[in-house]
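*Asks:* Sharing a structure with you now.
The values are calculated or read from the model by the stated rules, or taken from the named source; none is laboratory data. Remember, it's a predicted structure, so these values are computed and weren't measured experimentally. Positions of Cβ are backbone-derived with ideal geometry, glycine not excepted, and every protein chain shown enters the neighbour counts. The protein model used for the area step is the full one, side chains on, heavy atoms only, and it has no ligands, DNA or RNA in it. Shrake-Rupley method; radii C 1.70, N 1.55, O 1.52, S 1.80 Å.
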Amino acid sequence: MGLMVEINFLTAADRADWEVLARGFQAHFQMDAYDEAYEQTWRRLLDREQIRGIAARLDGKMVGIAHYYFHTSVWAAGNCRCYLQDLFVDKETRRKGVALALIEWLAQDAERNGATRLHWHTPQDNVTARALYDKVAQYKGYIAYSRRLNAAT
């Protein structure tokens, strides 16, 4: 029998556990964020207006997080899309179904909110994650580019 993963929206009481995982995500992908960025992101996650955050728990312990947002489609007027920005599971808990549970819960939330597509990016060398993603979504062969703009903080 598999582990029972509990998924729900982040709440104010989750701040410390969320930050441990958010910092783990940043370190895993060799990114840097200032303390103010964590505080700002946390406030935005809790108000759920622009972005949403969910947590995965095993035996009451937060072991994974996902951040996502809804957006429109240029070519399909009226179609809402959902973008999974961040997905991170604690290293000690990987390969136990937590990431899959987060994706499935998020997909259901996206459908409830009228989204017709869920999409995300991951590095090509993220082999372990891609093995899961290949099971739950279709790889379209795109390469993502990113350009930092002067207005970026």
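*Asks:* Which percent of the accessible heavy-atom area of the chain goes to carbon and sulfur, probe 1.4 angstrom?
*Replies:* The value for the chain is 50 percent carbon and sulfur by accessible area.
*Asks:* Under 17 Å from a point 7 Å along the Cα-to-Cβ line of residue 71: which residues of the stretch 31-50 have their amide N that close?
*Replies:* 49-50
*Asks:* On full extension of the chain, what length is gained from residue 131 through residue 11, given 0.36 nm per residue of separation minus the C-alpha to C-alpha distance?
*Replies:* Using 0.36 nm per residue and subtracting the Cα-Cα distance, I get 40.1 nm.
*Asks:* With a probe of 1.4 Å, find how much accessible area the chain has per residue, and write the answer as a whole number in Å².
*Replies:* On a per-residue basis, 70 Å².
*Asks:* Taking the Cβ of residue 119 as the centre, find all other residues whose Cβ is under 13 Å away and add up their charges (Lys, Arg: +1; Asp, Glu: -1).
*Replies:* +3
*Asks:* Here is a further query. Of all the stretches in the chain, which is the longest one without any exposed loop site, taking trypsin sites (Lys or Arg not before Pro) in a DSSP loop (any state but H, G, I, E, B) with at most 11 other Cβ atoms within 10 Å?
*Replies:* Within the chain, the longest run free of exposed trypsin sites (Lys or Arg not before Pro) spans 1-94.
*Asks:* May I ask you to list the GluC sites (Glu not before Pro) in the stretch 35-132 that are in a DSSP loop and have at most 10 other Cβ atoms within 10 Å of their Cβ?
*Replies:* 49
*Asks:* Nothing charged except the Cβ atoms of Lys and Arg (+1) and of Asp and Glu (-1): what's the magnitude of the dipole of the chain about its Cα centre? Round to the nearest 20 debye.
*Replies:* The calculation lands at about 500 debye.
*Asks:* Can I ask one more? Plugging the Kirkwood radius over Cα pairs into Stokes-Einstein for the chain, at a temperature of 25 °C and a viscosity of 0.890 mPa s, what D comes out in µm²/s?
*Replies:* Stokes-Einstein gives a translational diffusion coefficient of 149 µm²/s.
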